[in-house]
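Report on the following structure.
Since every read-out is calculated from the coordinates, none of them should be taken as a lab result. Everything numeric here is computed off the predicted structure, so don't read it as measured data. As a convention, Cβ positions derive from the backbone with ideal geometry for all residues, glycine included, and neighbour counts pool all protein chains shown.
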Amino acid sequence: MQKKFNLKSFNLYEFLKHQNSHGFNAPFFLADRHTYQSAHVNFPFRTFTFGLGVTYTGEGDVFKIGSTDYLVTAGCLTTVGPGMVCQWTGNYTAEHDTVYFTEELLEGLQNNSFLHSLPFFFHGGRHVLRLSDEQTKKLAALFGLLKDLKDDKSAVPGIVHSLLMLAESFHTGRDGLQSQANTSGDGANRVTNAISNREKIAQAFRKLVAEHFPEHKEVAFYATELHITPKYLSEVLQAELGKPAKAFIDEYVVMEAKSLLKQTSLSIQEICYWLGFEDASHFNKSFKKLTNTTPTEYRKS
């Protein structure tokens with residue numbers, strides 16, 4: 001992907017810190033259900049930090065990451081990493097605790113390779129995990145400690161590190177409890193330590209799309225990379241994510257476009273170039289076909 005543009009015209013992390021009078025110099029930020037009530041960020045936004053949260057209440061809000069829909073209900077662990085385009089499709093009013101942080105927070109405690117070894121922070125990882133009651137209580141206890149000691153600079157990195165280690169143990173099943181993930185694609189619970197071959201294909205596909213969508217928007221490329229047929233790839237994605245391969249790619253591109261239109265001051269032509277379209281006319285036509293509005297109309301809305 002091209003690197004020439006600065007995509008940080010709107011940074012949700014700094015915006016929320018400012019909205020809640022949080023110190024700008026602190027490399028972390030705590031959020032709860034009150035944090036988002038005045039934010040009014042109802043468009044897809046690109047993340048610039050790591051985020052880890054646990055939801056305590058609610059029957060389900062859909063959280064989109066790229067073009068994957070996750071149903072977030074009570075007892076869900078949610079994780080996102082830098083560079084992802086996300087969107088809450090409803091009003092996220094459930095009780096929850098979330099910590100956003102930058103790599104700077106863990107400097108001296110862990111090297112950067114630690115964060116980058118956690119697949120749930122990156123494309124293709126499992127970003128929403130259904131927890132047991134006991135697992136939820138463990139996270140709640142650490143968040144309670146983090147809130148009590150949030151002004152103690154010497155304590156915060158260690159607590160966040162403990163949250164990360166706990167999340168990793170839930171994802172790998174090393175805590176001895178059976179964890180389940182829930183996506184709105186098929187509405188089914190899945191045991192996290194028994195990943196099926198089809199789910200591995202879906203994860204690999206999502207990672208490939210994030211890396212190659214500006215240059216490759218056709219299903220055949222990804223099927224070839226995965227050594228399967230386009231037909232089988234679409235069948236797998238329909239079962240795992242609730243949409244065929246082409247719909248996933250198109251929706252992913254639209255999410256990226258919406259983020260650039262709302263989050264930056266790039267011109268339509270620059271966004272067209274960034275997303276890998278031949279020209280602005282092609283981009284406009286594709287965007288309108290998928291959203292029933294033009295890029296200019298969407299930016300003004």
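What is the gain in length, in nm to one decimal, between residue 267 and residue 57 on full extension, counting 0.36 nm per residue of separation less the C-alpha to C-alpha distance?
Values: separation 210, 0.36 × 210 = 75.60 nm, distance 4.09 nm.
Contour length minus the Cα-Cα distance gives 71.5 nm.
Rounded to 0.05, the FRET efficiency of the residue 227 and residue 195 pair, given R0 = 25 Å and the Cβ-Cβ distance, is 0.85. Projected label points at residue 165 and residue 153, each 7 Å from Cα along the beta carbon direction, are separated by 2.4 nanometres.
Listed cross-link partners 207/243; 147/200; 150/207 are compared with a 26 Å cut-off, the Cα-Cα value being larger for 147/200; 150/207.
Hey, with R₀ at 45 Å, roughly what FRET efficiency would residue 141 and residue 42 work out to, going by the Cβ-Cβ distance, to 0.05?
Result of the calculation: an efficiency of 0.85.
As an exercise, find the ratio Rg/Rh for the range 220-301 from alpha-carbon atoms, using the Kirkwood inverse-distance average for Rh.
Working: Rg = 14.6 Å, Rh = 13.8 Å.
Looking at the range 220-301, the ratio lands at 1.05.
Under 19 Å of direct C-alpha separation, and excluding same-chain neighbours fewer than eight residues apart, residue 289 reaches these aspartates and glutamates: 218, 250, 251, 256, 278, 279, 297.
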